[in-house]
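Just so it is clear, none of the values below were taken in a lab; they were calculated from the coordinates. Quick caveat: nothing in here was measured; it's all calculated off a predicted structure. Backbone-built Cβ (ideal geometry, glycine too); neighbour counts: all protein chains shown.
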Amino acid sequence: MASSDALLPISAREEDPLLSDGSRSDPNAETHGRRRPVKGLLAVSFGLFFIAFYVALIATHDGSRSNDVKIESDGTATTVSRAHLAGVSEKSNDQLWKLSGDRNTVAFSWNNSMLSWQRTAFHFQPEQNWMNDPNGPLFYKGWYHFFYQYNPNAAVWGDIVWGHAVSKDLIHWVHLPLAMVADQWYDANGVWTGSATFLEDGSIVMLYTGSTDKSVQVQNLAYPEDLNDPLLLKWVKFPGNPVLVPPPGILPKDFRDPTTAWKTSAGKWRITIGSKINRTGISLVYDTTDFKTYEKLETLLHKVPNTGMWECVDFYPVSKTLVKGLDTSVNGPDVKHIVKASMDDTRIDHYAIGTYFDSNGTWTPDDPTIDVGISTSLRYDYGKFYASKTFYDQNKGRRILWGWIGESDSESADVQKGWSSLQGIPRTVVLDTKTGKNLVQWPVEEVKSLRLSSKKFDMEVGPGSLVHIDVGSAAQLDIEAEFEIKKESLDKILGDASATEEFSCQKSGGSTVRGALGPFGFSVLAHESLSEQTPVYFYVAKGKDSKLTTFFCADSSRSSFANDVVKPIYGSSVPVLKGEKLTMRILVDHSIVEAFGQGGRTCITSRVYPTKAIYGAAKLFLFNNAIDATITASFKVWQMNSAFIQPYSEEAVRALSRT
Amino acid sequence: MKMVVVMMIMMVMAMVSEANMIEQTCKETPDFNLCVSLLDSDPRGSSADTSGLALILVDKIKGLATKTLKEINTLYKKRPELKQALDECSRRYNTILKADVPEAIEAISKGVPKFGEDGVIDAGVEAAVCEGDFKGKSPLTSLTKSMQKVSNVARAIVRMLL
C-alpha cells in the first residue's frame, strides 16, 4: 500500500520560512475601506498599541518560558535539556582561548611539510576534498564496495554526492568514478546517506536520502545498472522516486538515512528511518515488498525523550553465543538486536542491546537506564567517530562497522591541505559473549597484511618511568600489548581503606596526573623532548565500594603546539573480568590514533596534528606514571606498510574489470 | 468597524510576536544585546523563523569577514612589519568567506544544521587564531573580538535547529 503522503505534491510539505509561524502570517492587511471618523479610528489605534505594548511587556517578562517545558507525545512533560543549547561539540571558541593562552609563545602557522605528513597511509580517504558518512557498504562478486558522502568541490561539507571505491580486502582500495550525483529534482540539493539490501535473487537495491530541489528530505531507490559488472560502476535511479516522503507529523528536514532492510516473519522487507518529534529521537518503521511502495507502521521501532534528532540509525541482530556476524534478517532465541543512532546534538554514536518484536516492529532495550542516546549509554567509540554503519559481509560471515572520522583541526588547515576526514579502519562487531552487556569491536584481520617488521618487548616498569621504545619510524604502527600490575602494588591499594578516588578520563587532568595504580601505557607520536605526545593508557582506580575499576583513555591535550586544533582527553571505563590481563591495541597512522582496550570492549579514536613529532621525529614511549605501582608490560610493535590506495584511472578500472 | 479593529489587532499582534520571536531567540544566546541588535537591524529579521535568523547571522559573519579583510589589506601598507601575521590572518579570514560561510548557508538551508554549526564555530576559531598571531599587539582586536562574539551567538541559534 502506497504511503498516502506519496500522493501529496512535495511542495505542500515544504516549509516556506516566511510563513512557517502561522501567527505571523498576515494575509489581509487591507482594510475594507469603510469610512469612519478619523478621530475615532485614531483613538482605537492608540488603544490597541497600548494593549500591544502591555502584552509585549508581559510576554517578555514571563517567568516560565514556553521553550523550557515540552509535552512529549506520551503526555509526560520534560524540560528541554540545556545541554543542547550550551553545546557539547568539542570545537568552541572558549576551548580555543584556553588553549592558545598556554604553551604558545610563538605565532603558529601550518607549513606544507606539517600538513602533508597528516595524510594517512592505510586509512580510507579520497584523493582530496571532503568526505563524511559511509554509505551502502556491501560485498559483491569478489569486491568489497564502499560508498561515501563526498564534496567534489571543497574541503568542507557541501554539494554532496556519492563517492565509490572497491577493495578485495577492505584495506587496499581503488577509487572509482562517482556512483551517484545530484542530477534529479529529488536529490538536487544532495545525494545523502543510504544503505544497501540484497534481495533473494542476489540483486541489490540501494535506498538513500535525497534533498529535493525544495530542500525536503525524501527517500529514493537506486540499483546497479549492470549486475554483471562486479565493479558496479553505474547506478540507475528508479524513475518513480521518491519512494518515501516525510509522513504527517514529521518535519521535512527530519527524515533521513534509511537502513538496510530485513525480512519480517510475514515475508515483507522492513526498514527503519531516524527522525525526531520535538526533542524525542525516534525511529520510524516501514514495510515493503518491492522497495517502491511502503506501509508505515503505526508503531515506532523505538524512541527516547530528550535525545534530539536520530541520524544514521542502524539496526541488526547479534548472536548471543557465537562470535560471528549475522545477516540482517536473522532472528531467533539466540539472537539479540542492536539499535544504534547518531545523535545530532552531541555528535556521538550510541547503541543499546535489546529485544526485537517482529510482530509489531518494536524493540525494547535490555537496560532502559542506558537507552540509546542517553549520555551514559554505550558508544562504539569514545573519541571522534560518527555516522557509523554496519553491513553483513557474507563473504566471511562477519558484521563490519564503518565510521566517519572527521577532522579536529581548523577549516583553514583543511583548505590548505586540500582534504578533510577519514574512515576508521573497518571493524568486526560481535556481542561480548563474556559480559553479554556490550559489543566488542576489532580491526578486520586483513589489516595485519600491512604488518612489516616487528619487535617484541618484555619489561618491568617501575613507578614514574618513561622508556623510549626504539622501533625506527613511529608514524605507522600496530601495537599489541598486555599489562599486569604487580600483585604487591594491587594488594597494598586494596588493603588501604582511604585509597579511594573518583576518576574519569575527561575530568581527571590527563596522563600527567599520577594515581596509585596508573596511568600507564604508551605515548605515541611523541617528540623526544615530549613537548608533543599522545598518551594512550590504563588507569585503575579503587572506588568507594572498594572495587577496582579500570579506565582506558587517550589524551591528546599535549599532542600538538598548534593553537587551532581541538585536543580532548577521551575515554571510558572498560570491563575487566577476573583473571584477565589488561590488553590494548593501538593503530597509529599519522594524524589518526585508534586504540582498543580489552580486546575491543572500549575503543577510542583520536585525531592529532603534531607540528614537531612528525616524520623521523615521531617516537614511541612506554610510561608508568603510577605513584607506587610497578607494572609488567609484554608487547609487540609492527611497522605498518602503506595501503597504496589507488587513485581513479580508466586503465586501472579496465585492468580490474578483467581480473 | 469590527473588521478594522480585528485587522489592527492582528497586525499589532503580528508585530509584537515577531519582536518576541527575536527576543525569545536571543535570550537563548550568550549575548542578548548583540543578538537583538544584529537581527533587529536587518530587514529580514522581522519575518524570519529560527532558520532564517541563523542565516542572517551567517550573513553578518560574511560581512564582518569582508570588512576585516579590507582592513588587513590597508594594514599591509601602514604596518609592513606585521606582514607575517597579516598573511596568516588573511588566509584565515579567506577561509571564513570561502569555506565557513558557504558551508553554513548550505547546511542551514538544507536542514543539516550540524555542518552549519561547524562553519560558524570555525569563523570564531579563525578569528581567535588570527588575533593570537599578533602576540598581544594586534591592530585587529576589535574586529576579531566581534567575530568571536557573532560566532558564539550564531552558534547558539544554529544549535536550536538541531
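A few points about this structure:
- Restricting the calculation to Cα atoms, every distinct pair contributes to the Kirkwood radius of segment A:182-238, found to be 11.8 Å.
- With a 10 Å cut-off around each Cβ of A:596-606, the average count of Cβ atoms from other chains is 0.
- For the protein assembly as shown, the Kirkwood estimate of hydrodynamic radius, built from reciprocal distances between every pair of different alpha carbons, is 28.5 Å.
- Debye log10 I(q)/I(0) for segment A:451-640, one point scatterer per Cα, at q = 0.08, 0.12, 0.13, 0.19 Å⁻¹: -0.23, -0.52, -0.61, -1.31
- Footprinting exposure proxy for B:E131, B:E126 (fewest neighbouring C-beta atoms within 10 Å first): B:E131, B:E126
- Here the Karplus relation 6.51 cos²θ - 1.76 cosθ + 1.60, evaluated at θ = phi - 60°, turns the backbone of segment A:643-650 into coupling constants of 8, 6, 4, 8, x, 5, 8, 4 Hz, with x for every Gly and Pro.
- Between segment A:378-408 and segment B:124-155, the alpha-carbon centres lie 37 Å apart.
- For segment A:124-443: rounded, prolate or oblate by the Cα gyration tensor [a/c cutoff 1.5]: rounded
- Taking every residue in B:142-155 and counting other chain Cβ atoms within 10 Å of its Cβ, the average works out to 1.
- Percent of Cα pairs exceeding the 24 Å cut-off, where the set is segment B:1-135: 44
- Global geometry of segment A:265-358, whether rounded, prolate or oblate, following the gyration tensor of its Cα atoms and the 1.5 cut on a/c: oblate
- With the simple model of a label 7 Å out from the Cα in the direction of the Cβ, A:K544 to B:N94 spans 5.7 nm.
- Over chain B: helical MRE at 222 nm, DSSP H runs n ≥ 4 each giving -39500 (n - 2.57), nearest 500: -26500 deg cm²/dmol
- Scaled radius of gyration (Cα, divided by 2.2 N^0.38 Å) that segment A:144-228 gives: 1.14
- Burial order of peptide ranges A:641-651, B:112-122, A:473-483 (average beta-carbon count within 10 Å, highest first): B:112-122, A:473-483, A:641-651
- Between B:I9 and A:N278, the C-beta separation translates, for a Förster distance of 41 Å, into a calculated FRET efficiency of about 0.85.
- Span from the segment B:62-79 Cα centroid across to the segment A:144-159 one, whole angstrom: 33
- GNM flexibility winner over chain B from B:N73, B:N94, B:N152 (Cα, springs under 10 Å): B:N73
- Part-to-part distance (alpha-carbon centres) for segment A:177-195 and segment A:460-505, which is given in Å: 49
- On the basis of the beta-carbon distance and an R0 of 25 Å, A:T321 and A:R451 show a calculated FRET efficiency of 0.20.
- Averaged over peptide B:44-53, the number of partner chain Cβ atoms lying within 10 Å of each residue's Cβ comes to 3.
- The Rg/Rh ratio of segment A:193-348, with both radii computed over alpha carbons and Rh defined as the Kirkwood radius, is 0.97.
- Pairs from the table (A:K263/A:K303; A:K303/A:K340; A:K456/A:K492; A:K434/A:K581) lying more than 20 angstrom apart at Cα are A:K263/A:K303; A:K456/A:K492.
- The calculated FRET efficiency for the pair A:T355 and A:Q506, based on their C-beta separation and a Förster distance of 45 Å, comes to about 0.90.
- Near the amide H of A:T362, within less than 5 Å, lie the amide hydrogens of A:F357, all on another chain or at least 5 residues away, with H placed in the peptide plane.
- Exposure proxy for A:Y140, A:Y150: other Cβ atoms within 10 Å of each Cβ, ordered fewest to most, give A:Y140, A:Y150.
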